[in-house]
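For reference, the structure discussed in these notes is given below.
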Amino acid sequence: MQFVCFHLMPWPYLPDDFEAKHESAWLTVPNSLYDPRRGHALYQQYLDELVAAEDLGFDVIGVNEHHQNAYGLMPSPNIMASALIQRTKRIKVLVLGNALPLYDHPQRVAEELAMLDVLSAGRLIAGMVVGLGVEAFSYEVNPTFVRERYREAHELIIRAWTEPGPFHFEGKHYDFRWVNVWPRPLQQPHPPIILPADSDEGLEIAASRRVPTGSAYRSSRRVRAVFDRYRELAGKHGWTPGPEHCHLVRHVYVAETNARAREEAEPHLDYFWQKLLSYHRGSMALMGQSAPPRPARIEKADDLPLYELDFDLCQREGLTIIGDPDYVVREIQAQARELGVGVLVGLFQFGSLPHPLAQKNIRLFGEKVLPSLKRG
C-alpha cells in the first residue's frame, strides 16, 4: 500500500453555538468568524504537519480545494503545494483538486500544475475533481453543466500537456484559439491523475479515462459498492483496475490506548461532522427546504446525513480508524483486504484537533503503524 498524509486545513474556531445560529459552514457562513492573525498561525502549523510526514515514511502529502467555507482554508491548493514543494525533497505532493468546472480558463490549471511538476522535479500528483454542488454557487457556475465542463476541461488539460502547441481547442463550453502551455510538465506523458467519485457519472469518467478514483466519508459497505461499480465500468472500457487505482479516505488517530485515542479524538471529530460537514443542510436551506428528520431507528451510517454522524457509528462502519497502534494496523489491513484498496488517504488532523495532538498522531502513525503496514 501507499500512504498519504492528507490535509483539509479547516477553521477550528467556530463558536460552540454555531449550529444553533447558522445553517452551514459553507457559502453563507459569515467571514467575520475568520481571524486572519489566527489564520496565519494555522497555516504555519498545518504546513509543518504535512512536512513532518516526509521523514516519518509517508509516500505522499496531499492538499485540497474548497471555496467560501470553514471546512477547508485552501481556495488555491496550488499555492499550498508550491509551499510544500519548497520544504520537501522526496515525498510526492497530491493536489486534490483542482475543481475544473469552476474555472473559465482551464489552461491556467494546466500551466500551474505543469509549473508545480517542474518545481518538484516530477513529484506532482494531479487531482482533478468535479467539486461539490454547493461550490458551483460560489463561482456562479450552472450546476447543470458541471459534468460537461469537467469533461471538456480535462480533455483540454491533457491535450495541452501532451500535444505540441499551439493548437486550437473548440468545445461547447471552452473555445481557445491558442493553446500552447509553457512550461510543459516534467513527468511524461503527464503527471499522474486521480478523480475521486461517488456517482455513476463520476465513476464512468474515471473508468473511461483509466485514472484512479477515491471514496471519502462513506461506510465500508458503501465504499465496496463504489469500487465494485468502478471496476465494472472499467471492464466495459477494456481494462482492470488494481488496488493502486482505489484510494480510500479515512480519519485516522493513534494514541497509546484505545480509550485515550477516543478521549483525544472524539470532540474534534464531532466538530468535523456537526459543524464543518453541514453543507447538505445549508444547500437545502438555500433551496427553501428543511433538513429531513432523524430516522427513529439508525441501522447504518448511510441512514444519516454526514452532520449527524457520531463516534461509535463511524468506528463500527469503518469511516474512522481510531485506536492504539495494534488496532489501527489491524483495521487498515482489514479494510484494504475487504475493499481492494491500495492507497490510504489519511486525515490525521481533522475538525478542531489542536496542533500538538495532530503532531503526536502523525508521529505515532509513522513510528508505530507504518512499519507494520509496509512489512505486510
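The values are calculated or read from the model by the stated rules, or taken from the named source; none is laboratory data. None of these values were measured; they are calculated from a predicted model. Note that we place each Cβ from the backbone using ideal geometry, even for glycine, and neighbour counts take in every protein chain shown. Please note that ligands, DNA and RNA were not included when accessible areas were found on the heavy atoms of the full protein model with its side chains. Shrake-Rupley method; radii C 1.70, N 1.55, O 1.52, S 1.80 Å.
Alpha carbons only, please: Rg and Dmax for the stretch 2-375, in angstrom.
20.1, 61
Classify the stretch 328-376: rounded, prolate or oblate, from the alpha-carbon gyration tensor (a ≥ b ≥ c, eigenvalue square roots; a/c under 1.5 rounded; otherwise prolate if a/b is larger than b/c)?
Working: a/c = 3.06, a/b = 1.68, b/c = 1.82.
Oblate shape, in that a/c is at least 1.5 and b/c is the bigger or equal ratio.
Between rounded, prolate and oblate, where does the stretch 91-184 land on the alpha carbon gyration tensor, with a ≥ b ≥ c its root eigenvalues, rounded for a/c under 1.5, else prolate if a/b exceeds b/c?
Cα axes put the stretch 91-184 in the oblate bin.
For the chain, what % of the accessible area comes from carbon and sulfur atoms, probe 1.4 Å? Let's see the in-between values first.
Values: 8380 of 16420 Å².
Of the solvent-accessible surface of the chain, carbon and sulfur hold 51 percent.
Quick one, could you list the DSSP H helices from the chain stretching 27 Å or more along their long axis (Cα atoms) with average Kyte-Doolittle hydropathy of 1.0 or above?
On the way: long enough: 36-55 (30 Å, -0.84).
Correct list, ordered by number: empty.
Once Rh for the stretch 231-376 is found with the Kirkwood sum over Cα pairs, what is the Stokes-Einstein diffusion coefficient at 4 °C and 1.567 mPa s, in µm²/s?
On the way: Rh = 17.0 Å.
This corresponds to a translational diffusion coefficient of 76 µm²/s.
Go through the stretch 87-165 and name the GluC sites (Glu not before Pro) that are in a DSSP coil and have 12 or fewer other Cβ atoms within 10 Å of their Cβ. Intermediate results must be reported in sequence, preceding the final value.
Numbers: sites: GLU111, GLU112, GLU135, GLU140, GLU148, GLU152, GLU155; in loops: GLU140.
Passing both the DSSP loop test and the Cβ count: GLU140.
Provide the per residue accessible area, probe 1.4 Å, for the stretch 2-375, rounded to a whole number of square angstrom. Could the numbers behind the result be given before it?
Numbers: 16240 Å² over 374 residues.
Per residue, the stretch 2-375 has 43 Å² of solvent-accessible surface.
All other residues with a Cβ under 14 Å from the Cβ of LEU42 taken together, and with Lys, Arg as +1 and Asp, Glu as -1, what is their net charge? Can you show the working numbers first?
Working: positive: ARG37, ARG38; negative: ASP35, ASP48, GLU49.
Every neighbour counted, the sum reads -1.
Among ALA160, GLY214, THR240, which residue has its Cα positioned farthest towards the positive end of the charge dipole of the chain, with +1 placed on the Cβ of Lys and Arg, -1 on the Cβ of Asp and Glu, and the dipole taken about the Cα centre?
Final value for the positive-end residue is THR240.
First select every other residue whose beta carbon is under 12 angstrom from the beta carbon of ALA99; then total the charges, Lys and Arg +1, Asp and Glu -1. All intermediate terms of the calculation are to be shown ahead of the outcome.
Numbers: positive: ARG149; negative: GLU65, GLU135.
Charge balance in the 12 Å sphere: -1.
What net charge do the residues around ILE298 carry, taking every other residue with its C-beta under 13 Å from that of ILE298, with Lys and Arg at +1 and Asp and Glu at -1?
Values: positive: ARG294, ARG297, LYS300, ARG316; negative: GLU299, ASP302, ASP303, GLU308, ASP310, ASP312, GLU317.
Residues near ILE298 contribute -3 overall.
Can I get the semi-axes of the stretch 132-247's equivalent ellipsoid? Compute them from the C-alpha gyration tensor as square roots of 5 times the eigenvalues, in angstrom, largest first. Kindly include the intermediate steps, with their values, before the conclusion.
Values: eigenvalues 152, 75, 30 Å².
Equivalent-ellipsoid dimensions as semi-axes: 28, 19, 12 Å.
Please give the contour-minus-distance gain from LYS172 to GLU155: 0.36 nm per residue of separation, less the Cα-Cα distance, rounded to one decimal in nm.
Values: separation 17, 0.36 × 17 = 6.12 nm, distance 1.24 nm.
That pair, LYS172 and GLU155, stretches by 4.9 nm at full extension.
Restricting attention to the stretch 42-149, which trypsin sites (Lys or Arg not before Pro) occupy a DSSP loop and are surrounded by at most 12 other Cβ atoms within 10 Å?
Numbers: sites: ARG87, LYS89, ARG90, LYS92, ARG108, ARG123, ARG147, ARG149; in loops: LYS89, ARG90, ARG123.
Answer in residue order: LYS89, ARG90.
Normalised by the number of residues in the stretch 2-375, what is the relative contact order in percent for Cα pairs under 8 Å and 6+ residues apart? Kindly include the intermediate steps, with their values, before the conclusion.
Values: 672 pairs, mean separation 75.7, N = 374.
Dividing the mean separation by the residue count of the stretch 2-375 yields 20 percent.
Using a Förster distance of 45 angstrom, determine the FRET efficiency expected from the C-beta separation of ARG221 and ASN180, and round it to 0.05. Present the calculation step by step, with values, prior to reporting the outcome.
Numbers: r = 48 Å, r/R0 = 1.06.
Taking R0 as 45 Å, the efficiency between ARG221 and ASN180 is 0.40.
Just to be sure I understand the model, the point goes 7 Å from the Cα along the line to the Cβ. What's the resulting ARG363 to GLU148 distance in nm?
5.4 nm
So which chymotrypsin sites (Phe, Trp or Tyr not before Pro) in the stretch 347-376 end up in coil per DSSP with only 11 or fewer other C-beta atoms within 10 Å?
On the way: sites: PHE348, PHE350, PHE365; in loops: PHE348, PHE350.
Listed in order of number, the matching sites amount to none.
What figure in square angstrom, to the nearest 10, would you give for the accessible area of ASP59 with a 1.4 Å probe?
Here the residue's solvent-accessible area equals roughly 40 Å².
Can you classify the stretch 72-113 as rounded, prolate or oblate using the Cα gyration tensor, where a ≥ b ≥ c are the square roots of its eigenvalues, rounded means a/c under 1.5, and otherwise it's prolate if a/b beats b/c and oblate if not?
Judged from the Cα gyration tensor, the stretch 72-113 comes out prolate (a/c at least 1.5, a/b above b/c).
Taking 22 Å as R0, compute the FRET efficiency from the Cβ-Cβ separation of ASP303 and ASP270 and round it to 0.05. Let's see the in-between values first.
On the way: r = 18 Å, r/R0 = 0.84.
With R0 = 22 Å, the Cβ-Cβ based efficiency is 0.75.
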